[in-house]
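No lab work stands behind these numbers, since they all come straight from the coordinates. Please read all numbers here as calculations on a predicted model, not as lab measurements. Quick reminder, even Gly has a Cβ in these numbers, built from the backbone with ideal geometry, and neighbours come from all protein chains shown.
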Amino acid sequence: MILEAKEIFKTYKGVNKELTVLDNINFQIEQAETLAIVGPSGSGKTTLLGLCAGLDNPTSGLIQLAGEPISQMTENEKADLRNRKVGFIFQNFQLLPTLTALENVMIPLELQGRAKGAKAKATELLERVGLAGRHHHYPSQLSGGEQQRVSLARAFSNDPAILFADEPTGNLDEETGLIVENLLFELNQEMKTTLVIVTHDLELANKTNRIIKLKGGKIIHDQFIKTAAIK
Ligand SMILES: Nc1ncnc2c1ncn2[C@@H]1O[C@H](COP(=O)(O)OP(=O)(O)OP(=O)(O)O)[C@@H](O)[C@H]1O
Ligand SMILES: [Mg+2]
């Protein structure tokens, strides 16, 4: 098992009452599973992803990532676990604007202390996502689809055991979104990464092994579509 959420609650203090954003969430995800989290706006998808990746802490409950209790770690321990095990893709790409495409892809490797082979690996990954010849471009010199392909290369560069993607095609047109989507699944298959995607796009969700539907902070459906291709 790569990820387990046990009795997760997340609440925020409102003006005169508490706002419950996640309300007793429980699930287990196996290594190499692909999973989509769907649900209406405000249902808690991004919040849940952030908790699973250790970017935020639950109000109560336990999250185990790769056998380690990420919800109970210090910030430094969480950052270290993320560097070793986690990849991320955001809707708005979140590349560092002052670094080139190549340098952006090298960051996770450098954070892992793998600076030595970082350049060769980043070069290979940029080629893999079809951006050979764009290594020295800055994010502002790349289209949205190209930026998302750089962030795909970055997300896979540290060989993550699990990759979280929050609306990875949300800011792209349909055709470009499909290119990014196909690359995401191809790399996922090659590297046997576990893939957790938050999406509004039901076609994208249907390409995963499992769909979890949130509503009002609760899981209202948890459906296996097909068994994981790789174990
Ligand atoms: N820091 C915060 N303080 C108070 N409320 C918050 C905070 N962060 C999120 N929320 C609330 O938590 C709820 C869930 O937000 P979240 O971003 O997880 O939704 P989502 O399902 O990702 O929505 P979308 O599809 O629009 O991205 C929302 O009602 C939001 O207003
Ligand atoms: Mg969201």
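Rounded to the nearest 20, the Cβ-based charge dipole of the chain about its Cα centre (Lys and Arg +1, Asp and Glu -1) stands at 360 debye. Of the peptides 71-80, 30-39, 54-63, the ranking by mean beta-carbon count within 10 Å, highest at the top, reads 30-39, 54-63, 71-80.
Let's see if you can work this out: charge +1 on each Lys and Arg Cβ, -1 on each Asp and Glu Cβ, no other charges. What is the dipole magnitude of the stretch 1-103 about its Cα centre, in debye to the nearest 20? Write out the running numbers ahead of the final one.
On the way: 9 positive and 12 negative charges, 52 e Å.
Value, rounded to 20: 260 debye.
Applying the Karplus relation 6.51 cos²θ - 1.76 cosθ + 1.60 with θ = phi - 60° to the stretch 24-41 yields 3J(HN,Hα) values of 6, 8, 9, 6, 10, 10, 8, 3, 6, 5, 10, 9, 10, 10, 10, x, x, 4 Hz, where x marks Gly and Pro. Taking 0.36 nm per residue of separation and subtracting the Cα-Cα distance, full extension of the segment from residue 224 to residue 60 would add 56.3 nm. Taking every DSSP bridge with both residues inside the stretch 88-219, close to 20 percent are antiparallel. For the stretch 3-224, DSSP calls about 55 percent of its internal beta bridges antiparallel. A straight Cα-to-Cα reach below 18 Å connects residue 121 with the lysines 85, 192, residues fewer than 8 places away in its own chain not being considered.
For the listed residue pairs 13/215; 10/207; 13/78; 45/218, the alpha carbons are over 18 angstrom apart in 13/215; 10/207; 13/78. Scanning residues 5 or more positions from residue 21 or on other chains, those with amide H under 5 Å from its amide H are 10, 11, 12, with H placed 1.01 Å from N in the peptide plane.
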